[in-house]
1. Answer with yes or no whether GLY150 is small (Gly, Ala, Ser), closer than 22 Å to VAL273 by Cα, at pLDDT 95 or above and surrounded by fewer than 20 Cβ atoms within 10 Å (Cβ to Cβ).
2. Here is a list of conditions, (1) assigned to a loop (DSSP other than H, G, I, E, B); (2) within 22 Å of ALA241 (Cα to Cα); (3) free of Cβ contacts under 8 Å to residues at least 40 places away in the same chain, and ILE283 meets all of them except one; can you say which number that is?
3. Please list, ordered by first then second residue, the pairs with beta carbon atoms under 8 Å, 6 or more apart or interchain, first in region 70-98 and basic (Lys, Arg), second at pLDDT 95 or above and outside any helix (DSSP H, G or I).
4. Is there a residue in region 71-83 that is within 28 Å of GLY147 (Cα to Cα), crowded, with 19+ Cβ neighbours inside 10 Å, within 18 Å of the chain's Cα centre (by Cα) and among the hydrophobic types (A, V, I, L, M, F, W, C)?
5. Among THR135, THR121, THR148, which is hydroxyl-bearing (Ser, Thr, Tyr) and touching a residue at least 40 places away in the same chain (Cβ under 8 Å)?
6. Does ALA228 qualify as being at pLDDT 95 or above, of a type in the set (A, V, I, L, M), in contact with a helix residue (DSSP H, G or I) (Cβ under 8 Å, 6 or more places away or on another chain) and within 21 Å of PRO17 (Cα to Cα)?
7. I'd like the full set of residues that are touching a strand residue (DSSP E or B) at 6+ places or on another chain (Cβ under 9 Å), in a helix (DSSP H, G or I), of a type outside the set (Gly, Ala, Ser) and in contact (Cβ under 8 Å) with a residue 24 or more places away in the chain, limited to region 3-24.
Amino acid sequence: MQISHLGIHDSVDAVFPPEQLREALFSIDPNVEVVGDDPDELAGCDAVVTFAHRDGLLDSGLEWVHSIQAGYDRFPLAEFEDAGIILTNSTGIHGTSVGESALGMMLSLSRRLHAFSCQQTDREWNRPDWDEPFTLQHEPLCVVGLGTLGQGIAKRADAIGMHVTGVRRSAESMPHVRKVYANDDLHQAISEARFVALATPLTDATVGLMGTAEFEAMREDAYFINVARGKCADEKALISALEDGEIAGAALDVFEEEPLPEDSSLWGMDDVVVTPHAAAAEIDYYNHIAELVRENVQHIDADEELTNRVV
């Protein structure tokens, strides 16, 4: 495989200006251009960096497609394989941004910062009840999914003194996590936590992973954090758990339908923080992508296996 023309699909504008990535890749050997859905533009490329899947990617003679997202559930893997197109993703770059976002969500809920923000908008000066605010130090956090995102959350929570446990396929120990539970012990793991942070990829096994039974297993004073994918949690079950007081609140970056519909009851709940699927957003995102692309261009030149290869 030889890459002489690399296209940056304009769909990356959902995260950063495509021109930023083009400039960051100025020094690599392939010619780098911003492209759209025009078949002629795609046909002139050997490889494309993209945010979104387009059917046109499959029949444009491409050899390699790189997704700027970690998740690849939106890409038809079997069709990529049939077309002989290599697909790589951007797993491994979001640990810091998502970890800090999740920590910020927990701080917002524990220190009542979200409530104060609403009061500022309304020009109200109301102190919280004496027993509402609490500190995160020593509070138990269970991180469900200990990949890049989960490890990023665990590392930062451990640094401020939270008691971090986690759930993953194998119960092998790992840094910053005091106890690791196997998937089969999910209910036991989350039943002991003040915060449950969901950080799994979206797969057949994780669709609806957090549902009615899981929310019932959580403490009544517990908070649910979702920085995974919306479909990893049953949204109706979550809303019912919040309305019935089965859990204390939630901070949600992802939803079953995005943007979150205006008529969703989640918008108006006092102890629910809603963010627009932006937990991974950061000013250096394009630089992280550029590093991955440069690395894989070098692998291609050396006839080596590509980093983060999915197909």
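1. No: the conditions fail for GLY150.
2. Single failed check for ILE283: (2).
3. ARG74/ALA52; ARG74/HIS53
4. yes
5. Being hydroxyl-bearing (Ser, Thr, Tyr) and touching a residue at least 40 places away in the same chain (Cβ under 8 Å) holds for just one of THR135, THR121, THR148, which is THR148.
6. Against the criterion (at pLDDT 95 or above, of a type in the set (A, V, I, L, M), in contact with a helix residue (DSSP H, G or I) (Cβ under 8 Å, 6 or more places away or on another chain) and within 21 Å of PRO17 (Cα to Cα)), ALA228 does not qualify.
7. The answer is ASP10, VAL12, LEU21.
The values are calculated or read from the model by the stated rules, or taken from the named source; none is laboratory data. Worth saying up front: this structure is predicted, and the values here are computed from it rather than measured. FYI the Cβ positions are ideal-geometry reconstructions off the backbone, even for glycines, and counts take in every protein chain you see.
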